[in-house]
1. Look through segment 487-520, keep the residues that are farther than 26 Å from Gln438 by Cβ and of a type in the set (Ser, Thr, Tyr), and return whichever of them is most open to solvent (accessible area, probe 1.4 Å).
2. Considering (1) at pLDDT 95 or above; (2) part of a loop (DSSP other than H, G, I, E, B); (3) over 19 Å from Val467 (Cβ atoms); (4) not aliphatic (A, V, I, L, M), say which one Asn501 fails and leave the rest.
3. Could you list, in sequence order, the residues of segment 463-485 that are open to solvent by less than 10 Å² (accessible area, probe 1.4 Å), farther than 19 Å from Ala519 by Cβ and not β-branched (Val, Ile, Thr)?
4. Can you tell me how many residues in segment 208-219 are without any contact (Cβ under 8 Å) to a residue 40 or more places away in the chain and under 17 Å from Ala260 (Cβ atoms)?
5. In this structure, is Gln552 touching a Pro at 6+ places or on another chain (Cβ under 7 Å), assigned to a strand (DSSP E or B) and touching a residue at least 12 places away in the same chain (Cβ under 8 Å)?
6. Please identify the pairs in which a residue from segment 52-73 that is farther than 17 Å from Trp148 by Cα has its Cβ atom under 6 Å from the Cβ atom of a residue that is among the β-branched types (Val, Ile, Thr) and in a helix (DSSP H, G or I), counting only partners at least 6 apart or on another chain.
7. For residues that are surrounded by fewer than 23 Cβ atoms within 10 Å (Cβ to Cβ), over 25 Å from the mean Cα position of the chain (by Cα) and farther than 18 Å from Asp509 by Cα, tally how many sit in segment 581-595.
8. In segment 180-205, how many residues are in a strand (DSSP E or B) and either touching a residue at least 60 places away in the same chain (Cβ under 8 Å) or open to solvent by less than 10 Å² (accessible area, probe 1.4 Å) (or both)?
Amino acid sequence: MKRLLVLLLAVLTLTGCAGLPDHSEVSQRMAIGEPRTEPQSDVRPEGPTPGATPAQVAAGFLYAHIGLEDRFATAQEFLTARAVQTWNPDQGVAVLRDGPLSVRQEGTDVVIGATVLARVSPDGRLSQLRTPQATSVRLRMAQVAGDWRVSGVPQELGLWLSRANFGHLYQPSEIYYGAENNQRVLVPDERWLPKRGSVTAMAEAVLSPPAPWLDGAVQKIVPSPHLIGSVPVSADEIASVAISAEALKATPDQRAMLWAAMIETLKAAGVRVRLTVNGTPLAAPGVSDDVVNAEDLNYRAIKPSSGSVIVKDADGLHWDDQRRSDTGRPRQRDTADDLGPLPTVPTGWHRLAADFKTQEIAAVSGDDRTVGRWITGTLLQRPPFGSHLVRPSYDGINGLWVAGQALGTDQSGARGPAAGGAPTVWVINTRQQAASAQPQPVVVPGLARRDVLAISVAPDGQRLAVVLRDRRTSTTSVQLYGVVRNQEDEATRLVGPRPLNASVVSATDISWVDGSTIAVLGQVSGNPGVTQAVLVPLNDLAQPLGAVRGAQQIVGGTGDQFGVSVVTDQGTVVGRQGTSWQVIYDADDLIVPAP
């Protein structure tokens, strides 16, 4: 232990901070649905030694924050009895830059400094700071039976963990909720949960309230049941999830949704689910001993397919199945693999979108005032209804989303582009007869005095990402909204917003990569002035992917590395190959159809 403290203090007393980059390394994330693994070795700190100095005891206390295994019992050994009562390790985590901390003693106080990269809420939601923030904690010290102990802990102190230790002790977990619509779709809400006891933590998270920005977009059971005890896993990998009797007050459909959400969430842990109340399986439509997947209950979690995309080049539109030759370029396409005929889109139409379900193409007119829809090859063009329209986005349910500025009226009463017209988000119901379907404005909080630069609907159709630019300061932000629908599944309003990631600035375009990650064309605060593709998980540090010359548009959900491609003003589409960007198409647009 003495050797450990000597080494620890050798690090802590250095005031320099080499550290790792403030954003995540460029690396593939864990695949959705890939089983999570437990830590390969225990991380157990040692308690204080007799005769340790105040600095050693203070440093030992912070180091012992890694003691999730013993529920911080070792960390509490560094505290007085009163400090044990005041310190709450469950109030969140400060994720620190890897590298040395600073330690200084001021009388009987010890002040320890660090650099914070992100903060994690008690329910596991990570928020990256705009820039790394220097912080310090002052620990009051007192002698107890001749040895120094921490007697005063700041009320706001939870856990301090280096980025490396945080990644070793916690893992991202997809927690699913049922969408508040008739589509029986499951919506992911990623959390950071302890690796040890992960099945119990995941089951408990399913029963917890969804994030506020999803309130109304996903279902809540009121009163909500709670978990009873930990979740044992049998030798044949069945997790027995016992929940409280409040679940019996839920409707049959809500119970089926709860089963589906629990099954889909715990699938990542490689276990099957037995959901019980008072020792008896929770009754719900379709539930039987044979239920293994959410699909058995007619629920589904929308996963990225990385299937065929639509390429717009000099010859028009064509399908590509994204298979690559040895050079990384597309193979000559096989027309037998085409998924259906594609229309001829005349010159002047741009910013295309597509929907697999309806086999429909949409585009914005050259003057950015209306949207055209190609249905079975025939163009249906609406009269102008806005200006500065952005690329449309299909939601895979029944909506074609578009945003821009509303048309104003001049003194004669004629409608036309108004300077700084009201920012508006519209939805066109694709289930209605096309000739009568009108763009309907959606209620969106937080649009006042802002322009919409880009929108993108999540694969589940229940979340919308929006790039907003402040009209006064020209600063941009990426905001996330939940979609609220009426009984006919028509989108009526958005809830939220929730900022995506404070470290991503000057965004111009966005696109969902999968249910938990968004690709952004913008800048990061640590490298201002360089516009690049940035992979932004909803609950992790941003991953800059590097600059692309002439980048105009970012496309997520492709089959390229990181699931991201970039359209340039050079008439090319590039994808990441190794550590650089390489041309994969000679084309001026790339469209990933909505699932």
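The values are calculated or read from the model by the stated rules, or taken from the named source; none is laboratory data. Quick caveat: nothing in here was measured; it's all calculated off a predicted structure. Every residue, glycine among them, receives a Cβ derived from its backbone with ideal geometry; neighbour counts consider all protein chains shown. Just the protein is used for accessible areas: all its heavy atoms, side chains included, with ligands, DNA and RNA removed. Shrake-Rupley method; radii C 1.70, N 1.55, O 1.52, S 1.80 Å.
1. The qualifying residue most open to solvent (accessible area, probe 1.4 Å) is Thr508.
2. In the conditions (1) at pLDDT 95 or above; (2) part of a loop (DSSP other than H, G, I, E, B); (3) over 19 Å from Val467 (Cβ atoms); (4) not aliphatic (A, V, I, L, M), Asn501 misses (3) alone.
3. Of everything in segment 463-485, just one residue is open to solvent by less than 10 Å² (accessible area, probe 1.4 Å), farther than 19 Å from Ala519 by Cβ and not β-branched (Val, Ile, Thr), namely Gly482.
4. Within segment 208-219, residues that are without any contact (Cβ under 8 Å) to a residue 40 or more places away in the chain and under 17 Å from Ala260 (Cβ atoms) number 1.
5. Working: touching a Pro at 6+ places or on another chain (Cβ under 7 Å): no; assigned to a strand (DSSP E or B): yes; touching a residue at least 12 places away in the same chain (Cβ under 8 Å): yes.
Answer is no for this residue.
6. Qualifying pairs under 6 Å: Gly67/Thr74.
7. Counting residues in segment 581-595 that are surrounded by fewer than 23 Cβ atoms within 10 Å (Cβ to Cβ), over 25 Å from the mean Cα position of the chain (by Cα) and farther than 18 Å from Asp509 by Cα gives 5.
8. First pass over segment 180-205, keeping only residues in a strand (DSSP E or B): 185-194.
Restricting the remaining residues to those that are either touching a residue at least 60 places away in the same chain (Cβ under 8 Å) or open to solvent by less than 10 Å² (accessible area, probe 1.4 Å) (or both) gives 185-188, 190-194.
Result for segment 180-205: 9.
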